[in-house]
1. Amide H to amide H, which residues 5 or more places from Ile392 or on other chains are under 5 Å from it, using H placed in the peptide plane?
2. Report, in listed order, any pair from Lys330/Lys405; Lys69/Lys405; Lys70/Lys355; Lys69/Lys330 with a Cα-Cα distance greater than 32 Å.
3. Please pull out the direction-averaged projected area of the range 304-412, using the convex hull of its alpha-carbon atoms, in nm² to one decimal place.
4. Remind me, what semi-axes does the range 63-119 give for its equivalent ellipsoid, largest first in whole Å, using sqrt of 5 times each Cα gyration tensor eigenvalue?
5. Classify the range 321-370 as rounded, prolate or oblate from the Cα gyration tensor: take a ≥ b ≥ c as the square roots of its eigenvalues, call it rounded if a/c is under 1.5, otherwise prolate when a/b beats b/c and oblate if not.
6. Multiplying the sequence separation of Asp80 and Met233 by 0.36 nm and subtracting their Cα-Cα distance, what value in nm do you get?
7. State to the nearest 20 debye the size of the charge dipole of the range 300-347 about its Cα centre, where the only charges are +1 on K and R beta carbons and -1 on D and E beta carbons.
8. Apply the Karplus curve 6.51 cos²θ - 1.76 cosθ + 1.60, θ = phi - 60°, to the phi angles in the range 246-254 and return the couplings in whole Hz, x for Gly and Pro.
Amino acid sequence: MAKASQLHCSFCGRNRDEVKILIAGQDGHICENCVEHAQEIIAQELSTKQESSSGSNFKLNVRRPAEIKKFLDEYVIGQDEAKKVLSVAVYNHYKRVNSKPQQDEVEIEKSNIIMVGETGTGKTLLAKTIARLLNVPFAIVDATVFTEAGYVGEDVESMLTRLLQNCNYDVAAAERGIVYVDELDKIARKGDNPSITRDVSGEGVQQGLLKMLEGTEVLVPPQGGRKHPEQKMIKVDTKNILFICGGAFDGIDKVIARRVNTNAIGFSVNKEEQEHQRKNLLQFINAQDLKSFGLIPELLGRLPVITHLNPLDAETLRNILTEPRNSLIKQFTRLFELEGIELKLDDEVLDFMVKKALEYKLGARGLRSICESILTDAMFELPGTDTRQLHITLDYAEQMFSKSKLSILKVA
């Protein structure tokens, strides 16, 4: 017994009485606690070596601008000008990332993008589709949750946390990824003059974004900074991360209208062209309009590429229903096919859906709600029955739509 009491762990020095298990070796002993710690260290070292030897799992698939636009055409209807601007900006960005430094020291700057368009016109869809084509990590973040550092809310660094999570914390891949910042217009400052009071979710957030958009090394909390303050930070260099910002900028058409003369008079004035311009003032947008709306000049300088999305007309909405690879009608047809039911819709039904979407100004998102309101009863009743064909007529569509909550919305 006297000899047993003298035994101790050779690593931590604990006596035999202080541990549960003491494993004997040739010249020493080790306790169960030290074994667990050693196992954790081995696993961490092996994973680090494996990552450094294997490199990134994301192999960049750079395409030419015409190829990028062709791919976008399969998923997004219309918006040809926005597609061209995006295709060129993305191609130039990744050409810059892959290029080797030249002796003449010409340094190509980042081409971050800002997209302006009404809700439901396809801003998020364009960004997601480009990321899918290029095979790069992609994160969608909402600017409305960000506040100035030190206040309740999320810090701007948390957008990089989501990018890292989407590529399993592969830093090399994340540093070539795409971040889509949605609702950028919601962080506009409240007035055109700098405020003497704190604008913690507006101008302060814009200032926090400046260095990140331009390119700097950011210490990113891997689990989010608020709930785990003790965690080890990950260093991410943002100089090769492409930032695409989008927003509806509701009311900016009035700012543009003050600058653009759409009320010219005289015999040579084309009234139809003037009316078309008045309906789509976003085509004349520039950085000065965004500054008047509430974005600070320093931020606009780091978002050099500005493009707009046209409002959706009846023809475009009709094409959105049927043409894209994953169009709404194809999706619902597949859902019924899985139940062994063939779905047929009359052309008048499609026109009715488009008419309602235009009335309620819901954009492409509104088409989904209208389809659901018409087909929900059928999707509830038909599974498990002997029905093998469903034919939707205009009368049936109007009847189902009148029963839904959408029908009581007031038309703007």
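The values are calculated or read from the model by the stated rules, or taken from the named source; none is laboratory data. These numbers were taken from a predicted model, which means no experiment stands behind them. No Cβ is skipped: glycine too gets one built from the backbone with ideal geometry, and neighbour counts run over all protein chains shown. Surface accessibility is based on the protein's heavy atoms, side chains included, excluding ligands, DNA and RNA. Shrake-Rupley method; radii C 1.70, N 1.55, O 1.52, S 1.80 Å.
1. Lys344, Leu345, Asp346
2. Lys69/Lys405
3. Working: hull surface 33.6 nm².
Seen from a random direction, the Cα hull of the range 304-412 projects 8.4 nm² on average.
4. Values: eigenvalues 146, 37, 9 Å².
Taking √(5λ) for each eigenvalue gives 27, 14, 7 Å, largest first.
5. On the way: a/c = 2.38, a/b = 1.81, b/c = 1.32.
Because a/c hits 1.5 or more and a/b exceeds b/c, the range 321-370 counts as prolate.
6. Details: separation 153, 0.36 × 153 = 55.08 nm, distance 4.17 nm.
Residue separation times 0.36 nm, minus the Cα-Cα distance, leaves 50.9 nm.
7. Working: 6 positive and 8 negative charges, 80 e Å.
Dipole of the range 300-347, to the nearest 20 debye: 380 debye.
8. x, x, 7, 6, 4, x, 6, 4, 5
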